[in-house]
Structure formats: C-alpha cells, structure tokens
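Here's the structure we're looking at; comments come further down.
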Amino acid sequence: MESPTDKRKRVVVVGGGWAGFGAAKHLAEEGYDVTLLDASPNPGGLSSGWRTKEGRTVEAGIKGFWYQYPNIFSLIHDDLKITPWPLTECTESGLWSPSGLQCVAPVMQNRQRFPSPLGLMYYTSFGDYRFRNLPLADRASMLPLLTAVLEHDIDDDAYREYDKLSAHELFRRFGVSDRLYEEFLRPILLVGLFAPPEELSAAVTLGMLYFYVLGHQYDFDVAWCRGTLSERIFMPLVSRIESSGGTVKGGQFVTSIDVDEQTGAVRRVMAKDAASGEERVFETDAVVMAVGINAMKKLVTQSPSLKRPEFRKVMNLKSLDVISTRVWLDKKIDFEYPSNVFSGFDETVGGTFFHLNDLQDEYRDAEGSVVACDFYHAAELLPLSDEQIVGKIFSMLSTVKPEVSSAKVVDSAVLRFPQAVTAFAPGTYANRPTQTTSINNLFLAGDWVRLKHGAQGLSQERAYVSGLAAANLAVTALGQGKTATILDTEEDEVQVQLGKRVLKGLRNTYSTVLGRPPPSPLPNLIPRF
C-alpha cells in the first residue's frame, strides 16, 4: 500500500495527457500530495512519443496548436518558459484530392482583416489560396447554415436539439450542395472531428464551425511542435509536477475505485503494476479521472462503486480508431506545404500528412524527406499489414507529388491506436457526464466530458482546460490552495458583431431573392438576431 509520508491532502490523478497533466500540475503546485497513474510506461496519452532502435523519433500523431489555445500558450510561454520556443510559426495548409490541389488554408493573421466570415470567404476565392474546382455557387450554399452556428448553443435546450441531428442531416436540411459536402465539408470533418458527417453530432459540428469561422478571423491559424510533443512540452511539464512534490507513475493499470459507503467518498484507488504484476493501493482524499472513454468503460465494468446510472451511461459512448505513421525517403522532396489534408482517397477515412523537414528541428537538415501521415476513422485500415499501409501512403504521396514515385522508403513506423479518440456521435450529449459526480470527491476530465458549450476550442486545449477545471473542483472540495485561472478565448467582439450583421444581411437577401426564409432544421427554434 502506498501511504503518505506527510500530512498533505492526497489526490490521485488517473490518466496522463493534457487533462491529467494539467490537473496534476496545478494540484501539486497548490501543495497537494499528487500521484498521477498512467497505463503507458511513457505517459502522455495520444501525445506520447518514442524513439526507434535507430534513435529516430515517432509519436502518436502530429498535433496542431490553433490561435485560440490561450491556456496552452500561457502554460508554455508564461509558466514553463520553455526555451527555445517549441512551436513553429503558423503554416499554410494544402487540401489535396486524387485530382490535385483543391485549396489552401492561408495564415489569416498576415492578411487584411474583414468581418467574419468574409475573410475566409474572400481569401479562398481569389489568388493562390482559392478553391480550384469548387464553384462559388456551391460554396455560397453554406451561408444559410451559418445562422445555425449562432443559435445552436444559445441555451441547453437548443444544444440538445441540435445534438440529436447528424451533421449530414443538418447540411441536407440547410440546402448545402452535394459538391460542397463531398469535396470540402466531409473531408474537413473527417480530419477535424475524426468521423464522417453522418456519424457526427450537428451541435458539435456547429461548435467547430463557430470556432474556425465566426469567432475571429485568425482562429484557423495553426502552428506545430518543432519536435515530439512528449520531449518538447510534456517532459518539462512532468518535471514541473515532480519538482512541486508530485509523482508520475507509468505502467500502472488502475483496476478499481473504492468508495466508503458511510462518507460517500473515494478512499482508495487500486492499480496493477505492468512490469511486476504487483497489486498496489493508493490512499487518497480525492480523485481526478482523466482517462479516455475506453479506459473509463473498463473501470465502470470493474468497479462496483462506479455501477451507478451516471457512469453506466458512459458505456453508450464510442471511440474511433487512429493510425499514425512515419516514412523516411531516400531523397528530399520539395512539398509545397508543410501541413496537408488528404481528401477523396478513401470514402470514410480522413488523412493528413506533414513534411517534417519543414516542421521539426531534428529533420531539418536530413538528406531525405521525412513524412508523417495520420489516418482517422481508420477501422477499415487496421487489418492491413504495416507494408500495405506504407504502400498506401507512398501511392497517395505520389499522387500529390509525382517525384515521390522515384524515391525509396528507407525506414518506416506504423502505430495503431484502436478506439483512441472520442466519437461525438448524434445524441451522445445526454450520455456525456459532467465534471462533478455523485461521489463527492471524484471529478472527471477529458475532451469527452461536458464543458461549457463550444468552450475552449477543440482537442488539446479543451482537454487541458478540463483538467484545470477538475483541479479547481478538487481544490474547492478539499479546501486547500487556490483555484487555477482559466483564460477565455479572445473573441473580437467587433468582429463577431460585424459578422452577425453580415449574416443577418445575407439571410435577408436570401429571403428577398427566393421569397422564403432560409431553411431551419428546428422549427421551434427561431434564430435570435
């Protein structure tokens, strides 16, 4: 049994990654005896990194850092003060199909500002960033949909109603053209939310569109880590946790949560050491669960204390498969853009690829190109051999850049992550738990728990913020220390208000020209302009 060596209040954080590390860091700095337990020997969740036998770096996918990640940027710059700065400048990104380049996402902060969403519309209509093959009429068919972007989270009832719809049904009801759907919206959602529109909640989709399109012209600007996330950011973060008195233990499979029937509080966390098989017991005053959906399901199944309705609902949630790869070529290929999206190569699989020579310091002067390729919603690819997956990547890259066909693969790595990312399916909002639970000292964190609608962006920022929020709940419950400050995204109110006026004008123009208002999927919800 792990017993305390002092009288500090104890908190067990289950799960690494942004949520777990965020909670553990704040609690350790506030004087708690924090123990973070993670099943991986190298904690980090889907941001873990490794080195091959030859010393080459691989990691669980390439992660973007969008303009509206204020809490993560504050952590890196103001708190950890990581030097040299671990992120690249914001990059342009290409969208590719089997027929070639479709459009380019520009770096918007380098461009003249317009009221949202006119900036994106303008810069993707003219010049080098334009849509090559998607007519303006098809792109304009998305405009009525933007009114739903404004109304979908006005209140909880509205959000629940939109959550019952699939994104596909939402687009159909709003009259989005088939071509826009197939050539742009579908591939973007496969990459942004890891699933095709028919498997995505309309509410979550609208939240993503608000974040990228309406909140601020700069929101789509994205930077990348100049090395593995594990080495450049998580290692300094773990060092801070440990220097503040916390402990990070990898290779620990949490098997059960023990709740005291008299107090209604967690008193012990049971785990098994992966290396020795030894059973360990961690006494605790509070627990932050920062695991993914699959791990949470296992704990609900194994822990009698978690067989309550609020936790059993988690069994209705689903996760999606990811494959992350890295390919080393024998010669340098001049890719136009360091970050790219694949479109149309697979009907239900999303893909991205990154030229690491342009992004990561380790490969900047490499003799040959190093390409990372990630596949999302990748269940149908899991049965393929490593060689078949590498061959598929080689074929796709050759379509994008014909010079690849004359190169040779000198090394490769294929990492499979079944059921690794959250599936935001229609109707799942009702099954997603809040951060507080009926167990008065057990708190939840992760991108799959309920936060403020559309709050704090997506993915990494959302997970990190959920960890800070869970830490704050523990601080309030245990009465020790200060709560963490959580920064709001910096919406430009002038931009948003101008954007709303533009949308209202477009809506009125639509009504005047066609003699009817734009369609609405929810007749009982009147757009609040």
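Here are some notes:
- Residues of the range 397-435 satisfying the condition of being among the hydroxyl-bearing types (Ser, Thr, Tyr) and either closer than 17 Å to ASP374 by Cβ or crowded, with 16+ Cβ neighbours inside 10 Å (or both): THR399, SER412, THR422, THR428, TYR429
- Taken over the range 41-75, residues that are at pLDDT 85 or above, farther than 24 Å from ASN357 by Cβ and small (Gly, Ala, Ser) amount to 1.
- Checking each residue in the range 413-435 for being among the polar types (S, T, N, Q) and part of a strand (DSSP E or B) picks out GLN419, THR422.
- Positions within the range 137-172 being surrounded by 18 or more Cβ atoms within 10 Å (Cβ to Cβ) and hydrophobic (A, V, I, L, M, F, W, C), in sequence order: MET142, LEU143, LEU145, LEU146, ALA148, VAL149, LEU150, ALA158, LEU165, ALA167, LEU170, PHE171
- Residue match in the range 281-299 (condition: of a type in the set (Ser, Thr, Tyr) and at pLDDT 95 or above): yes
- Whenever a residue of the range 247-267 is at positive phi and of a type in the set (A, V, I, L, M, F, W, C), it has no partner that is part of a strand (DSSP E or B) and exposed (fewer than 15 other Cβ atoms within 10 Å of the Cβ) lying with C-beta atoms less than 7 angstrom away and at least six residues away or across chains.
- Test: GLU198 is free of Cβ contacts under 8 Å to residues at least 60 places away in the same chain, farther than 21 Å from ARG132 by Cα and outside any loop (DSSP other than H, G, I, E, B): yes
- Residues that are out of contact with any helix residue (DSSP H, G or I) (no Cβ under 7 Å at 6 or more places or on another chain), surrounded by 23 or more Cβ atoms within 10 Å (Cβ to Cβ) and part of a loop (DSSP other than H, G, I, E, B), drawn from the range 309-368: GLN360
- Within the range 265-289, the set of residues being within 18 Å of GLY16 (Cβ to Cβ) and part of a loop (DSSP other than H, G, I, E, B) comprises ALA274, ALA275, THR284.
- Candidates are the residues of the range 119-136 that are hydrophobic (A, V, I, L, M, F, W, C) and exposed (fewer than 15 other Cβ atoms within 10 Å of the Cβ); the one that is modelled with the highest pLDDT is LEU136.
- Members of the range 98-126 found to be part of a helix (DSSP H, G or I) and either without any contact (Cβ under 8 Å) to a residue 40 or more places away in the chain or hydroxyl-bearing (Ser, Thr, Tyr) (or both), listed by number: ASN110, MET121, TYR122, TYR123
- Failed criterion for GLN388 (all others in (1) surrounded by fewer than 20 Cβ atoms within 10 Å (Cβ to Cβ); (2) out of contact with any Pro (no Cβ under 9 Å at 6 or more places or on another chain); (3) closer than 30 Å to VAL300 by Cα; (4) modelled with pLDDT of 95 or more hold): (3)
- Residue that is farthest from the chain's Cα centre (by Cα), among those in the range 402-412 that are of a type outside the set (A, V, I, L, M, F, W, C) and either part of a strand (DSSP E or B) or within 17 Å of ARG326 (Cβ to Cβ) (or both): LYS408
- Qualifying residue in the range 214-228 (condition: in a helix (DSSP H, G or I) and of a type in the set (Val, Ile, Thr)): no
- For VAL176: the one exception among (1) closer than 26 Å to ALA158 by Cβ; (2) in contact with a Lys or Arg (Cβ under 8 Å, 6 or more places away or on another chain); (3) aliphatic (A, V, I, L, M): (2)
Rundown of residues vs (1) touching a Ser or Thr at 6+ places or on another chain (Cβ under 9 Å); (2) at pLDDT below 95, yes/no style:
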position: VAL13; (1), (2): yes, no
position: GLY16; (1), (2): yes, yes
position: LYS25; (1), (2): yes, no
position: ALA28; (1), (2): yes, no
position: ASP38; (1), (2): no, yes
position: LYS81; (1), (2): no, no
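This table checks each residue for (1) in a strand (DSSP E or B); (2) more than 21 Å from LYS7 (Cα to Cα); (3) in contact with a Phe, Trp or Tyr (Cβ under 8 Å, 6 or more places away or on another chain); (4) not β-branched (Val, Ile, Thr).
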| site | (1), (2), (3), (4) |
| --- | --- |
| ILE257 | yes, yes, no, no |
| THR263 | no, no, no, no |
| VAL291 | no, yes, no, no |
| ALA295 | no, yes, no, yes |
| VAL300 | no, yes, yes, no |
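- Restricted to helices (runs of 4 or more DSSP H) entirely inside the range 127-187, those with at least 3 residues that are hydrophobic (A, V, I, L, M, F, W, C), over 13 Å from GLY207 (Cα atoms) and more than 22 Å from the chain's Cα centre (by Cα) are 136-140.
- Matching residues in the range 281-295 - criterion: being under 11 Å from TRP448 (Cβ atoms) and among the β-branched types (Val, Ile, Thr): VAL291, ILE293
The values are calculated or read from the model by the stated rules, or taken from the named source; none is laboratory data. Here the structure is a predicted model, which is why all the values come from computation and not from measurement. Cβ: placed from backbone, ideal geometry, glycine included. Neighbour counts: every protein chain shown.
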